[in-house]
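To start, the structure under review is shown below, and the notes come after it.
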Amino acid sequence: ENMENPQEVKVATEKYIQETESWQRREEIAEYKNALLQYKIVFHELPDISPKHKDARKSAIQIAKIIFEHPDLRHYVLEKKRLPINELMKHVTVSRKTIERNRKYILAIFIILCGDYVYLKDYLKGVNL
C-alpha cells in the first residue's frame with residue numbers, strides 16, 4: 001500500500017511546476033538574448049535603453065505593435081533588422097526624434113511580439129497589447 005500524504009504530494013507538485021516554469025523562463029530569455037543580438041542589441045543594455053517615463057514606454061510599445069500589425073513594416077524590420085522610420089512616420093503621431101531616441105527599445109519589444117515568448121509577452125499585458 002502506498003500511504004502518501006496528500007499535502008506532501010501537493011507541495012511536491014507545486015515545487016515541480018515552479019521549477020519547470022523557472023527553467024522555461026531561462027530558456028526563453030536565452031532565446032530572446034540571441035534574437036536581440038541579430039538587431040545589434042545587448043540584453044544587458046535593456047534597462048538603459050528603456051524609456052524612463054511610463055507614457056514614453058507605452059508609446060514605444062504601441063509603435064512596436066503598429067510595426068508588428070502592418071505586414072509591410074514587419075517584413076522590412078525582419079529583413080533589414082532596423083526600423084523603417086520614413087514609412088513608420090505615416091502610421092504614427094510621434095516625432096521622428098522620439099522614434100530614433102527609442103529605436104532599440106521599439107525593436108526589443110517588436111522581437112517579443114514576433115516571437116514565441118510566452119513569459120515575456122506576459123510582462124507586456126499591462127500596456128493593452
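The values are calculated or read from the model by the stated rules, or taken from the named source; none is laboratory data. In this text, all values refer to a predicted model and were calculated from it rather than measured experimentally. Positions of Cβ are backbone-derived with ideal geometry, glycine not excepted, and every protein chain shown enters the neighbour counts. Only protein heavy atoms, including side chains, enter the accessible area calculation; ligands, DNA and RNA are left aside. Shrake-Rupley method; radii C 1.70, N 1.55, O 1.52, S 1.80 Å.
A compact table of results
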quantity	calculated
Filtered residue count, the range 25-63, keeping only those that are touching a residue at least 40 places away in the same chain (Cβ under 8 Å) and under 11 Å from Lys104 (Cβ atoms)	10
Within the range 16-129, helices (runs of 4 or more DSSP H) holding 2 or more residues that are more than 15 Å from the chain's Cα centre (by Cα)	54-69, 71-80, 85-88, 96-101
The range 25-70, residues that are touching a Leu at 6+ places or on another chain (Cβ under 6 Å) and over 16 Å from Lys121 (Cβ atoms)	Tyr39, Phe43
Residue list for the range 73-129, filter: aliphatic (A, V, I, L, M), open to solvent by 60 Å² or more (accessible area, probe 1.4 Å) and in contact with a Leu (Cβ under 9 Å, 6 or more places away or on another chain)	Leu129
